[in-house]
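The values are calculated or read from the model by the stated rules, or taken from the named source; none is laboratory data. Since we're looking at a predicted model, the values are computed, not measured. Backbone-built Cβ (ideal geometry, glycine too); neighbour counts: all protein chains shown. Side chains are part of the model used for accessible areas, which takes the heavy atoms of the whole protein and leaves out ligands, DNA and RNA. Shrake-Rupley method; radii C 1.70, N 1.55, O 1.52, S 1.80 Å.
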Amino acid sequence: MINIRDRGAELWENWNRPKRTTFVILLLAVIVLLPFAGDYSFSSFLNTPISSYQAVLVYPVGIFVLMSLGLNIVVGKSGLLDLGYVAFFAIGAYTAAILGTKTHLNIWEIMPIGMGLAMLSGVLLGLPTLRLRGDYLAIVTLGFGEIVRIVAVNNRATGGPNGIANVPNPPSIFGVRFALDNMQGFFWIILVMILLVIWMVRRLSIRRPGRAWEAIRQDEDVAMLMGVATLKYKIWSFSIGAAIGGAAGVIFASKSMYVAPDMFTFNISVLILSCVVFGGMGNIWGVVLGGTILAYLPERIRFISNARQLVFGLALVIIMNVRPDGLLPRKKREKLHKTVQPLAVEGEQNV
Amino acid sequence: MRLEIKDLHVFYGKIEAIKGISITVNQGEIVTLIGANGAGKTTMLKTISGLRPVASGQILFDGKDISKVPAHERVGLGISQAPEGRGIFPGMTVLENLEIGKYFRKERKSEMVEDLEKVYSLFPRLKERATQAGGTLSGGEQQMLAIGRALMARPKVLLLDEPSMGLAPMMIANIFRIITEINNTGTTILLVEQNAQQALQRAHRAYVLETGHVVKEAKASDLLNDPAVRAAYLGTGAANH
Ligand SMILES: Nc1ncnc2c1ncn2[C@@H]1O[C@H](COP(=O)(O)OP(=O)(O)OP(=O)(O)O)[C@@H](O)[C@H]1O
Ligand SMILES: [Mg+2]
């Protein structure tokens with residue numbers, strides 16, 4: 001099996017500066033123009049049959065990629081299994097819905113509040129649970145995801161099962177309008193957010209937090225022996241992931257102009273986790289790819305209607321069997337230790 | 001440097017693994033803890049480095065009780081451990097494993113280069129393997145890496161948990177020679193071993209542990225000649241090694 005990640009990395013290494021810059025600009029240009037792809041015959045195959053193609057690019061595609069990048073920090077980088085990531089998405093969305101309808105704050109002003117609240121809930125949830133090892137975190141986060149949804153169903157402030165309507169669109173920035181009939185605006189702003197997150201994750205990865213997360217993921221006890229403040233870094237990872245989920249929620253609410261509890265089911269947590277695992281846990285480009293494919297494909301094949309989920313699930317199972325570490329796994333050497341387990345009794349040949 | 005443990009009690013749930021142990025490690029010494037499987041040797045080291053909480057008793061480091069200091073801060077005090085089973089980060093390269101041994105020091109560049117050189121001169125094999133993944137090293141190389149990584153922290157006292165475990169006789173001799181070498185440069189060592197013969201030959205003093213108690217404390221050379229210890233821990237085969 002060829003290793004796409006390593007081939008890609010090799011190619012990239014061999015390119016000089018101008019070549020790299022040109023490639024990045026071209027790629028970005030293509031992505032920026034994606035919302036118009038449906039209008040031209042040579043790219044119209046991208047069109048989604050039932051939902052509006054431009055809307056699909058925003059949700060699920062853009063939002064899923066953004067959330068996958070957020071969850072990847074938690075699951076992929078630090079090895080913390082969060083099964084209730086939807087909770088932070090919901091907190092961001094409801095913050096936007098409540099403040100957007102009850103106050104005069106606009107969506108850009110609400111954004112930091114939504115991210116802050118999601119982050120705060122991440123810290124509050126993480127403080128007691130991240131001390132524990134093993135499956136506790138998975139169970140507690142799973143429960144948290146459901147609790148947030150159930151609170152939304154049973155609360156007047158959140159509009160109960162009917163949710164909240166008339167969430168405002170964001171005001172224009174740099175002449176870009178955000179409205180139901182102008183979905184590319186949302187796509188572009190999400191693209192900017194995705195790029196910001198990628199930039200941040202890449203910076204953190206090569207610095208102390210990234211090293212700490214890596215150590216924690218591989219062996220938490222030994223990380224502690226090396227002087228890594230494991231609890232602190234786990235909480236950081238968890239709450240940065242939460243803030244990104246919250247940001248996605250704010251944009252989502254404002255794009256849909258409507259939130260309701262059934263938008264925030266356990267399903268979403270599982271789907272986002274699938275994007276991360278399918279794309280390649282721990283590798284940003286893999287996660288972006290995974291999020292894009294898993295969000296876009298089901299919409300593209302909607303014409304087979306009922307069989308859609310079945311075909312989709314089957315494809316997922318097959319691909320995960322062929323590429324168990326995801327489409328673009330993290331650095332190759334990571335895989336070595338799984339196949340080559342050095343035995344305790346060894347050494348004769350090494351004297 | 002002086003490490004003094006007073007009447008230490010440590011539990012795993014309801015099971016008491018350490019039942020009132022007192023030991024002392026003085027500057028410049030190699031002190032060894034020997035004892036059968038399950039005696040509590042690993043638990044002692046884990047408690048000293050903070051991975052297990054103290055139920056009662058004291059861990060005095062230079063006279064100060066550190067039993068409440070969180071594990072990740074103890075390496076900064078000068079306590080560094082090569083854990084049982086080596087604890088190499090399998091997905092990091094040899095170099096990255098060594099670098100993270102200095103994590104708490106906020107990566108001072110010049111120090112890093114200097115200490116890497118020191119470790120490489122002790123274990124030239126590690127230099128050859130610098131870019132290889134830790135998980136793909138042989139058992140002996142992993143042990144070198146574990147010790148080298150612990151040294152990167154410039155410890156005052158080095159805790160070693162069964163460095164000879166699973167190694168061939170030649171490699172064992174090699175590792176013990178290096179332990180003495182490290183000690184000669186001024187690093188105090190607390191050594192846990194099953195290989196009592198080798199450990200007692202290298203150490204200055206020794207404690208014999210049995211099910212959570214210290215049953216004997218003596219000069220290492222005396223224990224080597226103690227008939228009871230010979231019978232229990234140095235089987236006839238080991239005696240004429
Ligand atoms: N995580 C754990 N949970 C419960 N009991 C434990 C745990 N770790 C160790 N113990 C128990 O504590 C006691 C001491 O174990 P410890 O690992 O300290 O022994 P040891 O002297 O290092 O043995 P060995 O020579 O086999 O490594 C044993 O009875 C063991 O079963
Ligand atoms: Mg042990």
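General observations
- Looking at the stretch B:175-238, the strands (runs of 3 or more DSSP E) lying wholly inside it that each contain 1 or more residues that are surrounded by fewer than 16 Cβ atoms within 10 Å (Cβ to Cβ), without any contact (Cβ under 8 Å) to a residue 24 or more places away in the chain and basic (K, R) sit at B:213-219.
- Some residue of the stretch B:175-189 being within 12 Å of another protein chain (Cβ to nearest Cβ), closer than 27 Å to B:A71 by Cα, among the polar types (S, T, N, Q) and touching a helix residue (DSSP H, G or I) at 6+ places or on another chain (Cβ under 6 Å): no
- Residues located in the stretch A:231-273, provided they are small (G, A, S), surrounded by fewer than 24 Cβ atoms within 10 Å (Cβ to Cβ) and closer than 21 Å to A:Q54 by Cα: A:S256
- For B:I100, the stated conditions do not hold, so it cannot be described as crowded, with 18+ Cβ neighbours inside 10 Å, touching a strand residue (DSSP E or B) at 6+ places or on another chain (Cβ under 6 Å) and of a type in the set (A, V, I, L, M, F, W, C).
Listed here are the residues, each with its yes/no results for (1) farther than 21 Å from B:L167 by Cα; (2) touching a strand residue (DSSP E or B) at 6+ places or on another chain (Cβ under 7 Å).
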site: B:G87; (1), (2): no, no
site: B:G91; (1), (2): yes, yes
site: B:K106; (1), (2): yes, no
site: B:R125; (1), (2): no, no
site: B:E128; (1), (2): no, no
site: B:G135; (1), (2): no, no
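- When residues of the stretch B:12-36 are limited to those that are free of Cβ contacts under 8 Å to residues at least 60 places away in the same chain and near ligand 1 (Cβ under 9 Å from one of its atoms), the one nearest to B:I182 (Cα to Cα): B:Y12
- The stretch B:58-86, subset within 16 Å of ligand 2 (Cβ to nearest atom) and at pLDDT 95 or above, residue nearest to B:V25 (Cα to Cα): B:Q81
- Residues considered: A:R323, A:R308, A:R330, A:R302. Of these, the only one that is within 14 Å of another protein chain (Cβ to nearest Cβ) and modelled with pLDDT of 50 or more is A:R330.
- Residue-level check: of (1) part of a loop (DSSP other than H, G, I, E, B); (2) more than 12 Å from ligand 2 (Cβ to nearest atom); (3) away from chain A (no Cβ under 11 Å), B:L51 misses just (3).
- Residue check for B:V31: in a loop (DSSP other than H, G, I, E, B) and of a type in the set (V, I, T): no
- Wholly enclosed helices (runs of 4 or more DSSP H) of the stretch A:157-236 bearing at least 3 residues free of Cβ contacts under 8 Å to residues at least 40 places away in the same chain, more than 14 Å from chain B (Cβ to nearest Cβ) and not charged (D, E, K, R): A:183-206
- Of the helices (runs of 4 or more DSSP H) that lie entirely inside the stretch B:54-146, those containing 1 or more residues that are small (G, A, S), without any contact (Cβ under 8 Å) to a residue 24 or more places away in the chain and within 13 Å of chain A (Cβ to nearest Cβ) span B:71-77.
- The set of residues in the stretch B:9-38 that are of a type in the set (A, V, I, L, M, F, W, C), over 16 Å from the mean Cα position of the chain (by Cα) and within 16 Å of ligand 2 (Cβ to nearest atom) comprises B:V10, B:I15, B:A17, B:I18, B:I21, B:A36.
- Identity of the residue in the stretch B:62-72, open to solvent by 10 Å² or more (accessible area, probe 1.4 Å) and out of contact with any helix residue (DSSP H, G or I) (no Cβ under 6 Å at 6 or more places or on another chain), that ends up nearest to ligand 1 (Cβ to nearest atom): B:S67
- Scanning the stretch B:156-173 for residues that are surrounded by fewer than 22 Cβ atoms within 10 Å (Cβ to Cβ) and more than 11 Å from chain A (Cβ to nearest Cβ) yields one hit, B:K156.
- A:L99 being modelled with pLDDT of 95 or more and outside any helix (DSSP H, G or I): no
- Some residue of the stretch A:66-78 being outside any helix (DSSP H, G or I) and surrounded by 17 or more Cβ atoms within 10 Å (Cβ to Cβ): yes
- Criterion applied to B:P83, B:P53 was being buried (at least 22 other Cβ atoms within 10 Å of the Cβ) and within 16 Å of ligand 1 (Cβ to nearest atom), and the one residue passing it is B:P83.
- B:T42 being surrounded by fewer than 23 Cβ atoms within 10 Å (Cβ to Cβ), within 12 Å of ligand 2 (Cβ to nearest atom) and modelled with pLDDT of 95 or more: yes
- Number of the exception - A:V276 against (1) out of contact with any Phe, Trp or Tyr (no Cβ under 9 Å at 6 or more places or on another chain); (2) open to solvent by 10 Å² or more (accessible area, probe 1.4 Å); (3) part of a helix (DSSP H, G or I): (2)
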